[in-house]
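Working notes, beginning with the structure itself.
The values are calculated or read from the model by the stated rules, or taken from the named source; none is laboratory data. In this text the structure is predicted, and so the values were computed from the model without any measurement. Quick reminder, even Gly has a Cβ in these numbers, built from the backbone with ideal geometry, and neighbours come from all protein chains shown.
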Amino acid sequence: MADAPVTLSQHLTSRQALLPKQDARGIITLIGAIARVAVVIAQELAHAALRGRLGTVGATNVSGDEVKKLDVWGHDQMLAGLRASKACAAFISEEAKEPIEIPDAGPQGLVVSCDPVDGSSNLDVNGTVGTIFSVKATDRTPAGPAALGPGTNQLAAGYVMYGPGTVLVYTVGHGTHGFTLNKETGEFLLTHADIRIPRRGKVYGINEGNYYTWHPGQRAFVDLLRTPDKAAGRPYSLRYSGAMVADVHRTLLDGGLFMYPADCSDPAKPKPKLRLLYEVAPMGFVVEQAGGRASTGTGRVLEVEAREYHQRAAIILGSPDDVALAEEYYGKSS
């Protein structure tokens, strides 16, 4: 008789002894709460067109992006779920200018940074979207409700991908693990234990429409990936969906690279696109814990200091040998 599949709740409980004692219960509670919200989001996405939730609300968020109806709805659902958990002291979201404080959590509450519906531009064409999250300790001082600082301070991170199946991937600093939603029971079951990314891949994901705005090292590196060399395993194939979660998930399982470099049209003022706290840092943590690397092109992503809640950063993540080669090309062109 086959063993019963491991549920997300069981897996989290098995990790409790590995977590900081003062934060262990809160981390487990919050990941469980995010998973429950993800089940609701998955159900809503399947019916969004029928319920009039596609399209925009006619406004932009703090990052200057056009706000989709499901962005607002997803933010509200995540906030409600975190509030109900009694473990979240503050919620940092793309849809809110400042952290939303939640006093009910008490002094041991944690901070959740989250993009509830990542890749929402894909919604109107029935494309894949996701949820990205990160958990940190609070400052626990009167200085502020939410911890900024480097990504190395993260206690947990992960994402949910809403595709043909709904997949949740998380890390608490002891490996990266993936779960698939059983829609009949509403439970996430372990399907990808201790994910290990290949040292090299054959695929890269990047928006090549921005080619002429890239750092010279980035252009030279992509030119290399396109150049046939059978012995070196090139050319690499281009795969890019427009949703970070989908592209990172493919990279995590199959190897290769996901890249979103800064706009260097003005070399003196590079302009990254993705947000550090709730996109770049959590994905960097997840990939590193699977044996990969996450870089800005010039340094480790998790060492970038977050000084603002909606700060942006460049990212190159994936197979360790591929990312190291990208950094070499940046170094040659600096």
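The residue of the stretch 258-274 that is surrounded by the fewest Cβ atoms within 10 Å (Cβ to Cβ), among those that are aliphatic (A, V, I, L, M) and in a loop (DSSP other than H, G, I, E, B), is ALA268.
Within the stretch 1-37, the residues that satisfy the criterion of being out of contact with any strand residue (DSSP E or B) (no Cβ under 6 Å at 6 or more places or on another chain) and among the polar types (S, T, N, Q) are SER9, GLN10, THR13, SER14, GLN16, GLN22, THR29. For the stretch 1-25, a residue qualifies if it is assigned to a loop (DSSP other than H, G, I, E, B) and exposed (fewer than 14 other Cβ atoms within 10 Å of the Cβ), and the qualifying residues are MET1, ALA2, ASP3, ALA4, PRO20, LYS21, GLN22. Among residues belonging to the stretch 241-257 that are part of a loop (DSSP other than H, G, I, E, B) and at pLDDT 95 or above, point out the one that is surrounded by the fewest Cβ atoms within 10 Å (Cβ to Cβ). Going through the qualifying residues, I end up with GLY255. If you go through the stretch 298-329 and keep only what is more than 21 Å from SER134 (Cβ to Cβ) and modelled with pLDDT of 95 or more, you end up with SER319, PRO320, ASP321, ASP322, ALA324, LEU325, ALA326, GLU327, GLU328, TYR329.
On the basis of being within 20 Å of LEU45 (Cα to Cα) and assigned to a strand (DSSP E or B), does GLY130 make the cut? It is true that GLY130 is within 20 Å of LEU45 (Cα to Cα) and assigned to a strand (DSSP E or B).
Among the residues of the stretch 37-70, write down those that are touching a helix residue (DSSP H, G or I) at 6+ places or on another chain (Cβ under 6 Å) and either at pLDDT 95 or above or outside the structural domain of LEU181 (by TED's automatic domain parsing) (or both). Passing the criteria: only VAL37.
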